[in-house]
1. At a 1.4 Å probe, what is the % contribution of carbon and sulfur to the accessible area of the chain?
2. With +1 on the Cβ of every Lys and Arg and -1 on the Cβ of every Asp and Glu, and nothing else charged, how large is the dipole of the chain about its Cα centre, in debye rounded to the nearest 20?
3. Considering the values (1) 37, 22, 18; (2) 28, 18, 17; (3) 36, 18, 15, which represents semi-axes √(5λ) of the Cα gyration tensor in Å as calculated for the structure under consideration?
4. For the stretch 113-190, what is the convex hull volume of its Cα atoms per residue in Å³?
5. Give the ranking of 177, 10 by solvent-accessible surface, highest area first, calculated with a 1.4 Å probe.
6. Which residue, 148, 67, 134, has the largest displacement toward the positive end of the dipole of the stretch 31-177 when charges sit on each Cβ (Lys, Arg +1; Asp, Glu -1)?
7. So, R0 is 35 Å and r is the distance between the beta-carbons of residue 146 and residue 117; what FRET efficiency does that work out to, to 0.05?
8. Quick check: the angle from helix 81-94's long axis to the longest principal axis of the chain, C-alpha only, nearest 10 degrees?
Amino acid sequence: MPVTGRWPVFTLPGDLDHEPDTDEIAELDLAVRTLDPWPVYQRYGSDAVQGQAEVEGYVRAFLGGEMVAAALEQLTLPTTSAALQRWTYDTVLADPELASRAFRGSEYLVGTSRWHTWPEVQLVLLPTTSQWLAPGWVPYFGATRDNGIPALAAAMWQWEQRWGASLIAGWGTMLQFTAQRRPHSGSQAWELAGQHMAVGGSLQCEQWQLAIALTQGDAWFLHDRP
């Protein structure tokens, strides 16, 4: 990039079907710095109501039957999926044995082992040095909603500012990043995991699992498909 002045990103052949003009990119760059992306990207189902039976089943499945009584005592029922997940996360972090087990079980969520490879790809040199503007050219299914492209660009700008995140590849329904910094366990990792699950609505994991994983790896994977 220092030689070309262009950001390199891998895509599938033929994926770039739009060539934004200078005004469009300038408008996108302005939106990146002023738009809050998180009202656009919200985690689906996080406010779903969880009764006693759902809480018991969830805790038994992930933490073991011995933790059910603590969950029923400490949670106000009915509760929400988000509250149940946060309680699970805090409980895991507070128990060294549970934390060790959770770390071992969540390692697959970060690292290049989840990255997809394809028989044929193309390397695109985007006419910008700002990787967060890539959504102007590179399609992502999760950005097809209203205001999705500016919101995705704004999220990528925030991730770069805070975590040194850089887009490496965009496969239409998947995005792959590297990050220079990892979040600390607790509120930092929890917040970042929630953002990933909002932008990557098809990640198929629990927020607390991803929060644990993000403290252990530098390769991110987002997935949102029809």
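The values are calculated or read from the model by the stated rules, or taken from the named source; none is laboratory data. Remember, predicted model here, so these are calculated numbers, not experimental data. Using ideal geometry, Cβ is built from the backbone for each residue, glycine included, and neighbour counts are taken over all protein chains shown. Please note that ligands, DNA and RNA were not included when accessible areas were found on the heavy atoms of the full protein model with its side chains. Shrake-Rupley method; radii C 1.70, N 1.55, O 1.52, S 1.80 Å.
1. On the way: 5800 of 11150 Å².
Roughly 52 percent, rounded to a whole number.
2. 500 debye
3. Correct label is (3).
4. Details: hull volume 9.1 nm³, N = 78.
Output value, Cα hull per residue: 117 Å³.
5. Values: 177 0, 10 85 Å².
Result of the area sort, largest leading: 10, 177.
6. 134
7. Values: r = 33 Å, r/R0 = 0.93.
About 0.60, to the nearest 0.05.
8. Computed tilt is about 80 degrees.
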